[in-house]
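No value in this document is a laboratory result; all are computed from the given coordinates. All values reported here derive from a predicted model rather than from experimental measurement. We place every Cβ from the backbone using ideal geometry, glycine too, and count neighbours over all the protein chains shown.
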Amino acid sequence: MTDASHASTTNPAAPLPGAGDGGPASDAGSGRPDTWASTDRGQLIDRAEVVVTSPDRNFVTMRITTVDGVTGLGDATLNGRELAVAAYLTEHVVPLLAGRDASRIEDAWQFLYRSSYWRRGPVTMAAIAAVDMALWDIKAKVAGMPLYQLLGGASRTGLMAYGHASGKELPELFDSIREHQEEGYRSIRVQTGVPGLESIYGIASNRTTAGNAGVRYDFEPAQRGAFPAMEDWDTRAYLRHVPTVFEAVRNEFGPELPLLHDGHHRMTPLQAAELGKSLEPYDLFWLEDCTPAENQEALKLVRQHTTTPLAIGEVFNTIWDFKDIIRDQLIDYVRGAVTHMGGISPLRKTMDYAAMYQIKSGFHGPTDISPVGLAAQMHLGLAIHNFGIQEYMQHGPRTNQVFRQTFTFTDGFLHPGDEPGLGVTLDVDEAGKYPYEQAYLPFNRLADGTVHDW
Ligand SMILES: [Mg+2]
């Protein structure tokens, strides 16, 4: 459903108070209005709507429309906590957008970030991200350019993408790698089962999303239902097994194929150092999220012991989360996502900062990044000099009906297309067919019952 209760506080289709007359942002209440005379009344924000839809999974999308009728889309999807962001937007952001100048993107970002007082956090930053993306979409449409042109133009002809191959056992894994190669992928993330563990992160044992029979995902961890699914974990068994898998994959597929692996925050720094060292003979493109990275100082230990490249940051929310590990050169790839980092504006700043240390992008891009967020990352990745690789899981056909897209995926390379803006259109009627469904990411317990990082 297009949940109108999660749209503007009144009628989502109605103009916001203060819009359309060139007046200031809402002056309701005792505070002074946030006045700023616009040079162009047509660029004032006329409507802001929050659309919650669940075609193959849940998505939260912000749609902003100017007085001139130009619309922009922003992704606010926070996997497993979608309605928290929808409420944040509906209750606390939509009312503040009335009559604001859509062309002042940086000002809007700073206003939403600093005026909230309570900074950072995934809910706040996903909400700000959606506004930032929507305003960039509008600006590029007004300019009549694909967004990457506004960001400086293309630095490359396409974006190398990697897909998620997995299998509980080696034959199944090899089949999955071959299937990805047949689809055009030239870089492959490899995840496998671990002997003795029933169900672990990253394995496409269930190749359809729960409740969506027929929609294949190579790995979709969020399960629909009222409680998170429980998975198993044993780090020692994992550390023994993973190097044997990469040895087998290299023997089967040769030395050229770029291979990636996700540790998904489960190791201590010493364990991560051991894994990095044991994987060095197999020349990984990167080892991702080897530790939770909440204690960033601990990554120095990992670095001292291994030359396996490290990618971290999909759960980070701000440039400040990256500040020390970039400055200390403890990572090689920034795993931030526009959707979780507060939008295109701050992720671009993060990448410019990272460029000083020869650190590249590896933006988070599984299916919980909506087609809108994915498009925003493609435009940014095409423009920046220090692009590294783009994660790309394919959305299901229902999602592609709700979000009409212009990007291409050819011979392993993504391109966002050349339509003005982000190149994504939201079909609100189609979105309305799929109401929100409660879904959670799984969690882990060790053999003795202890909750562990998932
Ligand atoms: Mg990851």
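Among all helices in the chain defined by DSSP H, which have a length of 24 Å or more along the axis from Cα atoms plus a Kyte-Doolittle mean of at least 0.5?
Helices passing the filter in the chain: 122-143.
Take the cross-link list Lys141/Lys433; Lys300/Lys349; Lys168/Lys277; Lys139/Lys360 and give me the ones stretching past 31 Å between alpha-carbons.
On the way: Lys141/Lys433 28 Å; Lys300/Lys349 24 Å; Lys168/Lys277 24 Å; Lys139/Lys360 26 Å.
Pairs exceeding 31 Å: none.
No solvent, one uniform scatterer per C-alpha: report log10 I(q)/I(0) for the range 248-322 via the Debye equation at q = 0.11, 0.12, 0.16, 0.19 1/Å, two decimals.
The Debye formula, applied to the Cα set alone, gives -0.28, -0.33, -0.57, -0.76.
With a/c under 1.5 counting as rounded, go ahead and sort the range 41-130 into rounded, prolate or oblate using the C-alpha gyration tensor (a ≥ b ≥ c being the square roots of the eigenvalues; past the cut-off, prolate if a/b is larger than b/c, else oblate).
Oblate is the answer for the range 41-130, as a/c is 1.5 or above yet b/c matches or exceeds a/b.
Could you compute the net charge surrounding Asp232? Neighbours are other residues with a C-beta less than 11 Å from the C-beta of Asp232; K and R count +1, D and E count -1.
Charge balance in the 11 Å sphere: -2.
Just from its helices, what would the mean residue ellipticity at 222 nm be for the chain, if runs of 4 or more DSSP H residues each count -39500 (n - 2.57) and the sum is divided by every residue, rounded to the nearest 500 deg cm²/dmol?
-9000 deg cm²/dmol, from helical runs alone.
Counting only other residues whose beta carbon sits under 10 Å from that of Asn386, what net charge do I get with K and R as +1, D and E as -1?
So the environment of Asn386 carries a net charge of 0.
Using the Kirkwood formula on the Cα atoms of the chain, what hydrodynamic radius do you get, in angstrom to one decimal?
22.5 Å
Taking the simple approach of a point 7 Å from Cα along Cα-to-Cβ for both Ala447 and Glu252, what is their distance in nm?
The modelled label-to-label distance comes out at 2.7 nm.
Can you give the FRET efficiency to the nearest 0.05 for Glu169 and Asp283, using r as the Cβ-Cβ distance and R₀ = 25 Å?
Efficiency for this residue pair is about 0.60.
Arrange the peptides 220-226, 189-195 so that the one whose residues have, on average, the most other Cβ atoms within 10 Å appears first.
Listed from highest to lowest mean packing, they are 189-195, 220-226.
In the range 159-420, with Lys and Arg counted as +1 and Asp and Glu as -1 at Cβ, which of these residues, Pro255, Ala298, Ile200, has the Cα nearest the positive end of the dipole, that is, farthest along it?
Projecting each Cα onto the dipole axis, the largest value belongs to Ala298.
Rounded, prolate or oblate: which one fits the range 159-420, using the alpha carbon gyration tensor with axes a ≥ b ≥ c (rounded when a/c is under 1.5, else prolate when a/b beats b/c, else oblate)?
Here the range 159-420 falls in the rounded category.
Could you give the nm distance between label points at Asp107 and Asn295, where each point is 7 Å from its Cα heading toward the beta carbon?
Result for the modelled spin labels: 4.6 nm.
Quick one: check the C-alpha center-to-center distance for the range 66-142 versus the range 270-300, whole angstrom.
35 Å
Would you mind getting me the FRET efficiency between Gln329 and Thr244? Use the beta-carbon distance for r and R0 = 35 Å, nearest 0.05.
So the FRET efficiency works out to roughly 0.70.
For the range 216-262, state which GluC sites (Glu not before Pro) are in a DSSP loop and have at most 11 other beta carbons lying within 10 Å of their beta carbon.
Glu256
Could you calculate the FRET efficiency of His92 with Met230 from 1/(1 + (r/R0)^6), where r is the beta carbon distance between them and R0 is 45 Å, rounded to 0.05? Could you put the intermediate results ahead of the total?
On the way: r = 34 Å, r/R0 = 0.76.
Efficiency computed from Cβ-Cβ geometry: 0.85.
Measure off 7 Å from each Cα along the Cα-to-Cβ vector at Arg120 and Met356, then give the distance between these two points in nanometres to one decimal.
1.9 nm
In the chain, what % of DSSP beta bridges are antiparallel (nearest 5)? Before the final figure, lay out each step's value.
Details: 27 of 51 bridges.
That works out to approximately 55 percent antiparallel.
Quick check: residue separation of His305 and Glu179 times 0.36 nm, minus the Cα distance between them. What number comes out in nm?
Details: separation 126, 0.36 × 126 = 45.36 nm, distance 3.46 nm.
Length difference between fully extended and current span is 41.9 nm.
Nearest-5 percent of antiparallel DSSP beta bridges in the range 159-420? Please list the in-between numbers first.
Working: 6 of 25 bridges.
Approximately 25 percent, going by the DSSP bridge assignments.
Let's see if you can work this out: charge +1 on each Lys and Arg Cβ, -1 on each Asp and Glu Cβ, no other charges. What is the dipole magnitude of the chain about its Cα centre, in debye to the nearest 20?
Using only the charged Cβ atoms, the result is roughly 700 debye.
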